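Visitor: Sharing a structure with you now.
What follows draws every value from the coordinates through simple rules; no lab data is involved. This is a predicted model, so every value here is computed, not measured. Note: ideal-geometry Cβ built from the backbone for every residue, glycine included; neighbour counts use all protein chains shown.
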Amino acid sequence: MTRLPLLALLLTAPLALTACADDTPAPVENAVDAPEPLGTAPAVDDQPVEPRMEDGVQVVDIEAGSMGFQPREFTLQAGVPARLVVTRTVEDDCSSQFTIPAYDVDTERLPLGEPVAIEFTPAESGEVEWVCGMDMQRGTIAIVTAAS
Ligand SMILES: [Cu+2]
């Protein structure tokens with residue numbers, strides 16, 4: 001219920017400002033749009049995500065959402081049990097199946113909104129590819145040697 005008055009304030013504020021400025025053409029749309037490109041940082045998605053440790057298992061949460069599988073790149077340690085928890089949050093069929101061919105991992109059809117755990121132990125260091133069921137999305141798992 002409190003949202004409506006707030007929204008009304010946000011909408012009327014730029015109008016009130018432009019009403020005071022006689023000369024300048026009202027750049028209301030620019031003022032609203034400008035902050036968004038600055039705020040989006042696509043580079044973040046390119047950073048390999050590191051797993052978190054849970055009871056000796058390295059865990060990576062993967063969301064199959066409107067941007068496809070995220071994160072696309074992540075690291076795992078060789079010789080340490082791994083768990084990828086994949087949650088599909090969109091109907092999109094392209095994000096409904098996650099596979100790691102090198103490890104015979106295949107989720108088949110991911111249920112909507114229900115986390116699915118993939119468990120395997122990366123054998124040796126190197127790059128391993130994951131792909132969606134349609135072979136359209138793919139990404140890299142960088143398997144690194146565990147620090148001793
Ligand atoms: Cu696909």
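Visitor: Among residues belonging to the range 45-88 that are of a type in the set (D, E, K, R) and assigned to a strand (DSSP E or B), point out the one that is surrounded by the most Cβ atoms within 10 Å (Cβ to Cβ).
Guide: To start, the set of residues in the range 45-88 that are of a type in the set (D, E, K, R) comprises 45-46, 50, 52, 54-55, 61, 63, 72-73, 83, 88.
Filter again for assigned to a strand (DSSP E or B), leaving 52, 54, 61, 63, 83, 88.
Details: ARG52: 10, GLU54: 9, ASP61: 16, GLU63: 18, ARG83: 16, ARG88: 24.
Ranking the qualifying residues of the range 45-88, first place goes to ARG88.
Visitor: Right, something else. What pairs can you find where one residue is in the range 118-140 and among the small types (Gly, Ala, Ser), the other is more than 11 Å from the ligand (Cβ to nearest atom) and in a strand (DSSP E or B), and their Cβ atoms are less than 7 Å apart, with a gap of 6+ or different chains?
Guide: SER125/ILE143; SER125/VAL144; GLY126/ILE143; GLY139/TRP130
Visitor: Where residues in the range 89-143 are under 16 Å from the mean Cα position of the chain (by Cα) and in a helix (DSSP H, G or I), which of them is surrounded by the most Cβ atoms within 10 Å (Cβ to Cβ)?
Guide: Ranking the qualifying residues of the range 89-143, first place goes to SER95.
Visitor: May I pose another question? Quick one: which residue in VAL86, VAL128 is away from the ligand (no atom under 16 Å from the Cβ) and under 20 Å from GLN47 (Cα atoms)?
Guide: On the way: VAL86 fails: away from the ligand (no atom under 16 Å from the Cβ).
Of the residues listed, the single one that is away from the ligand (no atom under 16 Å from the Cβ) and under 20 Å from GLN47 (Cα atoms) is VAL128.
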